[in-house]
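Q: One structure is given below, represented as structure tokens, and several questions about it will come after.
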There are 2 protein chains.
Amino acid sequence: MNSTSLGGLTISAVERETGLSKDVLRVWERRYGFPAPLRTAAGERLYPEEQLAKLKLVRRLMDAGMRPGRILSMSFESLNGLVRGSDSEVSADSALDGALALLKAHRGAELRSAFHHAILHDGLFRFLTDMATPLAIRVGNAWMRGDIRIFEEHLFTEQLTATLRAAMPQDSGTGRPPRVLLTTLPGEQHGLGLLMAEATLRLEGAQSISLGPQTPVGDIAAACLANRSDVVALSFSANFPQNQLTGAVGMLRAALPAETALWCGGAGVVHARRIPDGVARMTGLQEIRNEVAAWRAARTERGAQQ
Amino acid sequence: MNSTSLGGLTISAVERETGLSKDVLRVWERRYGFPAPLRTAAGERLYPEEQLAKLKLVRRLMDAGMRPGRILSMSFESLNGLVRGSDSEVSADSALDGALALLKAHRGAELRSAFHHAILHDGLFRFLTDMATPLAIRVGNAWMRGDIRIFEEHLFTEQLTATLRAAMPQDSGTGRPPRVLLTTLPGEQHGLGLLMAEATLRLEGAQSISLGPQTPVGDIAAACLANRSDVVALSFSANFPQNQLTGAVGMLRAALPAETALWCGGAGVVHARRIPDGVARMTGLQEIRNEVAAWRAARTERGAQQ
DNA sequence: TCAAGTGATTTGTCTAGGACAAAATGAATT
DNA sequence: AATTCATTTTGTCCTAGACAAATCACTTGA
């Protein structure tokens, strides 16, 4: 039952650990000869730890845009070199370096204090743009290169989430328009962008309501109607499957009333090929502020005309 | 691509919505004649919404201990009766009813105020046991029965999460042992249980560190070593795939040092078939308190002997 | 020079039914 | 009551083929 005691992992365990489906694991074996698991007496696949490690590297490189046919035949060491060489950071920012050092030393509480201090010192919005965002990018890159481990990335996310939720401005019903409905689509793994967008909107005095991550398209539309939202805002991380993006956003655009604005933001939307008509794309938190201002200006104007 | 426009959902979509694996969906169809999806021109399964609804009911009843062979042949209405009968919500708790009414009226801010007020009135622990937990169960049941929409469940989760994170006791390095590492396994969708467990541990004065949800087994073990944790605590929602539970927990138990305790809690663990040796199962927040006390007692005793 | 096709290739997911391991049930025994 | 054992039920894994969707490599037209 316990896989490590048997000298390998079952295909279910590998699916859980790597996020690669059983179908993919089997078809890669058939097509590319890797992975090449051992077999139990009953003929079931048994993956050694080394193959699991290589599969995790492959997974990382594929998230960075590589294709399995190219990289599955390479050795573990070559893949490691690829991951390391993929990008380098030369910019030396002392605050960011300090935070990264705390993270690598697993000093979660101190990391949180550093965040808190930065918010008090520079204000929440500057913290978001000058510290949280670049730090998240660095952590993501470091994870891709294998410089930090997954649990360290989790620790970072958790501390930043806790900090942001504690610092989140409460609107307590006093917010002005627009009423914004915030969420992510199903399949989106990261909720940090959502929180940062929510904080920015609240700072602008907008009435923003978050549904949290992973709301199906039909339910976003239903929530928008129930909430009488002026704007629906979606957050996309770099990992979000690009193929789903255009289709799902188009579906949502069609399901929403024409007068409801649809805003998309986050790293996943920067490199998106095409965005459907009637959908705004914003590549940074500053653009949220601009868009809120533009929305208010347009509404005032129209209100004056009517 | 769009599932609803095709008049049904693909097998992947049903797997995602119900948590039933593709293999199970196909073998049920073969053995019991249900589900009986339509087919696309290419011969691929296309599940109508009604069958999805029935599958969700079946899933819920199986979580309550029923077996597929018994219930798959029953009608949607009969199953609905079973679900209604199974959970006795005769208890009319005015606070819970009030909160549920606020949720159904989409008054998120007021719901949050109600939570906040309850915490101030009864204390955080009583709030968790007497309000948050039963309310989460009611919301889950109502969702399964179709009495509330998914976005309403999201709204509930988001408001409760925000409340808990704001009310979370900070340990700021002053915590006493045990040092607890909190997370969930990959595949776990819900993070509320984790937050509630974290709050309980902090109330006990324990040094608890959360990695957030969905940490792979290998990385949990690495984090445990790096953090020198005394205890690793996992949270399982009712939706967590039962088949994976035993295997993954067994793997983790094997990967952790023998002196590190492993605690599993949450609705997903209540009906678990078997828990590996050396793993504690706790079915409520109170048990966390007991277990912390027991851990401290054992440690003092051993310390005195040595 | 860049945008928009077009065909070829790559890649992921689906299908079928058989096989069997693990768990639950029920009956017989201590 | 608690244990054992056989029987049923149930979930997972297997193979290998098929094909849809995404991407690449290339051409065409503005």
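The values are calculated or read from the model by the stated rules, or taken from the named source; none is laboratory data. Here the structure is a predicted model, which means the values were calculated and not measured. Methodologically, a virtual Cβ is constructed for each residue, glycine included, from the backbone with ideal geometry; neighbour enumeration extends over all protein chains shown. These area figures cover heavy atoms from the full protein model, side chains too; ligands, DNA and RNA do not enter into them. Shrake-Rupley method; radii C 1.70, N 1.55, O 1.52, S 1.80 Å.
Q: Nm distances between the label at B:Gly98 and the same-position labels in the remaining copies, 7 Å along Cα→Cβ, shortest first?
A: Nearest to farthest, the other copies are at 4.6 nm.
Q: Return one quarter of the surface area of the convex hull spanned by the alpha-carbon atoms of the protein assembly as shown, equal to its mean projected area, in nm². Don't skip to the end; give the middle numbers.
A: On the way: hull surface 122.6 nm².
Average of the hull's projected areas for the protein assembly as shown equals 30.7 nm².
Q: In addition: Relative contact order (percent) for chain B, with alpha-carbon contacts under 8 angstrom and 6 or more residues of separation?
A: 12
Q: Further question on the same structure: Near the amide H of B:Ala238, under 5 Å away, which other amide H atoms are found, from residues 5 or more places off or on another chain, if H is placed in the peptide plane?
A: B:Ala267, B:Gly268
Q: Per the 1.4 Å probe, what fraction of the accessible area of the protein assembly as shown, in percent, lies on carbon and sulfur atoms? All intermediate terms of the calculation are to be shown ahead of the outcome.
A: Working: 14960 of 28750 Å².
The nonpolar share, carbon plus sulfur, comes to 52 percent.
Q: Given the rule -39500 (n - 2.57) for each run of at least 4 DSSP H residues, summed and divided by the residues of chain A, what is its mean residue ellipticity at 222 nm, to the nearest 500 deg cm²/dmol?
A: My calculation for chain A gives -17000 deg cm²/dmol from helical runs alone.
Q: Would you grab the residues whose amide H sits under 5 Å from the one on B:Val232? Only those 5+ places off in sequence or on another chain, please, with H modelled 1.01 Å from N.
A: The answer is B:Leu181, B:Ala261, B:Leu262, B:Trp263.
Q: Please list A:His116, B:His106 in order of solvent-accessible area, largest first, computed with a 1.4 Å probe with all protein chains present.
A: Listed by decreasing accessible area, they come as A:His116, B:His106.
Q: To the nearest 100 Å², how much accessible surface do chains A and B hide from each other in total, with a 1.4 Å probe?
A: 3400
Q: For chain B, take the longest principal axis of its alpha carbons; what is the angle in degrees between that and the long axis of helix B:49-63, to the nearest 10 within 0 to 90?
A: It works out to around 40 degrees.
Q: Amide H to amide H under 5 Å from A:Ile148: which residues, 5+ apart in sequence or cross-chain, H placed 1.01 Å off N in plane?
A: For A:Ile148, whose amide H was placed from the backbone, the distant partners under 5 Å are A:Trp143.
Q: Excluding ligands, DNA and RNA, what is the solvent-accessible area per residue of segment B:176-305 at a probe of 1.4 Å, expressed in Å²?
A: On the way: 5120 Å² over 130 residues.
On a per-residue basis, 39 Å².
Q: Here's something else I'd like to know. Please give the FRET efficiency for B:Leu120 paired with B:Gln189, using the beta carbon to beta carbon distance and R0 = 41 Å, rounded to the nearest 0.05. List each step's numbers first, then the result.
A: On the way: r = 30 Å, r/R0 = 0.74.
My answer for the efficiency is 0.85.
Q: Sticking with this one: What order, most packed first, do the peptides B:57-66, B:215-224 have when packing is the mean number of other Cβ atoms within 10 Å of each residue?
A: B:215-224, B:57-66
Q: Output wanted: per-residue J couplings in Hz (rounded whole) for segment B:134-143, from phi through Karplus 6.51 cos²θ - 1.76 cosθ + 1.60, θ = phi - 60°, x for Gly and Pro.
A: Each residue's phi maps through the Karplus curve to give x, 5, 4, 5, 4, 4, x, 4, 4, 5 Hz.
Q: Output wanted: per-residue J couplings in Hz (rounded whole) for segment A:146-161, from phi through Karplus 6.51 cos²θ - 1.76 cosθ + 1.60, θ = phi - 60°, x for Gly and Pro.
A: Calculated HN-Hα couplings, in order: x, 6, 10, 9, 4, 5, 6, 5, 4, 4, 4, 4, 5, 5, 5, 4 Hz.
Q: Another question, if that's okay. For the pair B:Ala297/A:Ala36, report the inter-label distance in nm, with labels modelled 7 Å from Cα in the Cβ direction.
A: Placing both labels 7 Å along Cα→Cβ, they lie 5.7 nm apart.
Q: Measure out, as a whole number of angstrom, how far apart the alpha-carbon centroids of segment A:36-77 and segment A:133-200 sit.
A: First find each Cα centre; the distance between them is then 31 Å.
Q: Which value in nm describes the separation of the simple spin-label points at B:Ser94 and A:Ala258, placed 7 Å from the Cα toward the beta carbon?
A: Simple spin-label model gives 5.0 nm for this pair.
Q: When the Karplus curve 6.51 cos²θ - 1.76 cosθ + 1.60 is applied with θ = phi - 60°, which whole-Hz ³J(HN,Hα) does each residue of segment B:123-133 get, with x for Gly and Pro?
A: 3J(HN,Hα) across segment B:123-133, in whole Hz: x, 5, 5, 4, 4, 5, 7, 9, 10, 4, 5.
Q: Ok, one more. Please give every one of the aspartates and glutamates within straight-line cross-link reach of A:Lys22, meaning a C-alpha to C-alpha distance under 15 Å, and leave out same-chain neighbours fewer than 8 residues apart.
A: A:Glu44, B:Glu15, B:Asp23
Q: Continuing with the same structure: Taking the alpha-carbon distance from B:Lys104 and a cut-off under 12 Å, which aspartates and glutamates remain once sequence neighbours fewer than 8 residues away in the same chain are dropped?
A: Hits, sequence-local ones excluded: B:Asp147, B:Glu152, B:Glu153.
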